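Notes follow the structure.
The values are calculated or read from the model by the stated rules, or taken from the named source; none is laboratory data. What you see is a predicted model, and the numbers here were worked out from it, not measured in a lab. Every residue, glycine as well, gets a Cβ built from its backbone with ideal geometry; the counts of neighbours run over all protein chains shown. All accessible areas refer to the heavy atoms of the entire protein, side chains included, with ligands and DNA or RNA removed. Shrake-Rupley method; radii C 1.70, N 1.55, O 1.52, S 1.80 Å.
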Amino acid sequence: MQRFENRVALVTGAGSGIGQATARRLAEEGAAVFCADLDLDAARATADSIGGGSVAHACDVSDEAQAEACVQACVDQLGSLYALVHMAGILRFERFHDTSAASWSQLMGINLNGTFFMNRAAIPHLKESGGSIVNASSTAGLAGLHWGAAYAASKGAVLALTRSIAVEYAKDGIRANCVCPGDIQTPMTRAPAMPDMPGREQLIRISSLDGPKGPEVVAGVIAMLASEDGRHINGEDIRVDGGTLS
Ligand code: NAP
């Protein structure tokens, strides 16, 4: 399939996990990929490995000016923007009653404000290309998460933001959707837990399929959503969790 031939995709969080797998998948399907990440070396490693005219760019998505500059650099260097795949995010486990305002703000700054800044900057370019947005929500945005209230709140807000963009810009031909991954094996989910956390099986409900999967299972869904195959899907949140929340 070459669903992204002559198309430009901007992927945030492209240096790791789901963002990296999606950058690779979109490039395999013909896209020129603008690989953005906080870590320039990681973004460069992804861009170098996928080739196809891909470009690496350093960006802290929680910084308004950097987010806007990132989108502009994508259009300046690759000529247009057809798909914004916004995967940059952080997960932190802490007890809710111990959560400081600073910790809450940092998490919201990256997961929610970063989505706001990147999506807003992309809209004018997506109007021109008739393209779409895929944001990273989570099963935690749909159900509660032990030791993860701030994270779950940020991902629930990403869902509401995405649906609002979907209805507001449908008349402009722009679609906006979310993926809600669950228990995907990436550096994020391999991070050490807190010493007194319940076991993994208590933190995440057990998948109805045969255990956790790698980020490529989410990348395939994102590619479908961002492609012509997803042209009648708008304001949707697609769980990619093996049925965990079913
Ligand atoms: P990951 O492997 O940790 O990748 C996240 C990437 O985002 C990293 O490259 C990270 O860079 C980057 N990043 C962090 N803060 C950033 C910032 N301020 N600006 C730009 N980039 C930043 O995680 P993942 O599992 O692929 O997760 C991708 C997305 O899916 C996240 O939004 C996550 O919340 C969501 N998600 C994942 C799962 C799962 O099971 N894996 C489940 C639900 C939702 P550094 O490494 O340099 O920090």
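Which of the following residues is at pLDDT 95 or above, open to solvent by less than 40 Å² (accessible area, probe 1.4 Å) and more than 15 Å from the ligand (Cβ to nearest atom): Val61, Val75, Val71, Val85?
The match here is Val75.
Do we have Val217 as closer than 21 Å to Val11 by Cβ, modelled with pLDDT of 95 or more and either open to solvent by less than 40 Å² (accessible area, probe 1.4 Å) or of a type outside the set (A, V, I, L, M, F, W, C) (or both) here?
In short, no.
Hey, among the residues in region 229-245 that are small (Gly, Ala, Ser) and closer than 14 Å to Ser138 by Cα, which one's surrounded by the most Cβ atoms within 10 Å (Cβ to Cβ)?
For region 229-245, the residue satisfying everything is Gly242.
For (1) among the hydrophobic types (A, V, I, L, M, F, W, C); (2) near the ligand (Cβ under 7 Å from one of its atoms); (3) more than 22 Å from Gly214 (Cβ to Cβ), each residue gets a yes or a no:
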| site | (1), (2), (3) |
| --- | --- |
| Asn6 | no, no, yes |
| Leu10 | yes, no, yes |
| Gly17 | no, yes, no |
| Ala31 | yes, no, no |
| Cys35 | yes, no, no |
| Leu40 | yes, no, yes |
| Ala43 | yes, no, no |
| Thr46 | no, no, no |
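Conditions tested, residue by residue: (1) within 15 Å of the chain's Cα centre (by Cα); (2) modelled with pLDDT of 95 or more.
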residue	(1), (2)
Gly156	yes, yes
Glu168	no, yes
Pro181	yes, yes
Leu203	no, no
Glu228	no, yes
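Please name all residue pairs, on different chains or six or more residues apart, with Cβ atoms under 8 Å, provided the first residue is in region 160-186 and is open to solvent by 40 Å² or more (accessible area, probe 1.4 Å) and the second residue is within 16 Å of the ligand (Cβ to nearest atom) and assigned to a helix (DSSP H, G or I).
Final answer for the pair search is Leu161/Leu112; Leu161/Thr115; Leu161/Phe116; Leu161/Asn119.
When region 93-146 is examined, which residues are found to be more than 20 Å from Thr162 (Cα to Cα) and near the ligand (Cβ under 10 Å from one of its atoms)?
Gln106, Leu145, listed by residue number.
Out of region 151-187, which residues are within 12 Å of the ligand (Cβ to nearest atom) and over 20 Å from Met118 (Cβ atoms)?
Listed by number, the residues that qualify are Ala152, Gly182, Asp183, Ile184, Gln185, Pro187.
Could you count how many residues in region 35-57 are surrounded by fewer than 18 Cβ atoms within 10 Å (Cβ to Cβ) and either among the aliphatic types (A, V, I, L, M) or within 15 Å of the chain's Cα centre (by Cα) (or both)?
Here the count works out to 1.
Among Ala143, Ala157, which is the only one that is closer than 16 Å to Val240 by Cβ and touching a residue at least 12 places away in the same chain (Cβ under 8 Å)?
Sole residue among the options that is closer than 16 Å to Val240 by Cβ and touching a residue at least 12 places away in the same chain (Cβ under 8 Å): Ala143.
What's the number of the condition Gly131 fails, among (1) surrounded by fewer than 23 Cβ atoms within 10 Å (Cβ to Cβ); (2) over 15 Å from the mean Cα position of the chain (by Cα); (3) within 19 Å of Asp37 (Cβ to Cβ); (4) modelled with pLDDT of 95 or more?
Going through the list (1) surrounded by fewer than 23 Cβ atoms within 10 Å (Cβ to Cβ); (2) over 15 Å from the mean Cα position of the chain (by Cα); (3) within 19 Å of Asp37 (Cβ to Cβ); (4) modelled with pLDDT of 95 or more, Gly131 breaks only (3).
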